[in-house]
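The values are calculated or read from the model by the stated rules, or taken from the named source; none is laboratory data. This is a predicted model, so every value here is computed, not measured. Cβ placement follows ideal geometry from the backbone for every residue including glycine, while neighbour counts extend to all protein chains displayed. Quick note on the areas: whole protein, heavy atoms, side chains included, nothing else; ligands and nucleic acids left out. Shrake-Rupley method; radii C 1.70, N 1.55, O 1.52, S 1.80 Å.
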Amino acid sequence: FIFCNNIEFQCLCPRANRLSLNSENITLNTVLIWSNENGPTICAFIEEIEKDIFNLLISCSGIGPKMAISILM
């Protein structure tokens with residue numbers, strides 16, 4: 001979950017165990033994906049390169065956000 005201005009967002013994040021639970025502020029690279037079937041999905045990445053690879057993966061036919069996140073793990 002991401003907390004921003006007292007709002008909680010659920011997001012997909014590969015290798016979330018790398019996040020420090022004691023840090024107050026963390027900058028994440030995010031992607032918002034809209035699906036007519038599932039609505040919005042927020043994906044968060046610690047490094048910009050992860051976000052770039054994710055965008056390449058979801059541009060491939062048959063690979064959605066959840067599968068792309070699984071590949072990045």
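Values for this structure:
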read-out: Candidate set: the stretch 42-63, residues that are modelled with pLDDT under 90 and out of contact with any strand residue (DSSP E or B) (no Cβ under 6 Å at 6 or more places or on another chain); chosen: the one surrounded by the fewest Cβ atoms within 10 Å (Cβ to Cβ); value: 47
read-out: Test set (1) at pLDDT 85 or above; (2) out of contact with any Cys (no Cβ under 8 Å at 6 or more places or on another chain); (3) open to solvent by less than 50 Å² (accessible area, probe 1.4 Å) - residue 39 fails condition number; value: (1)
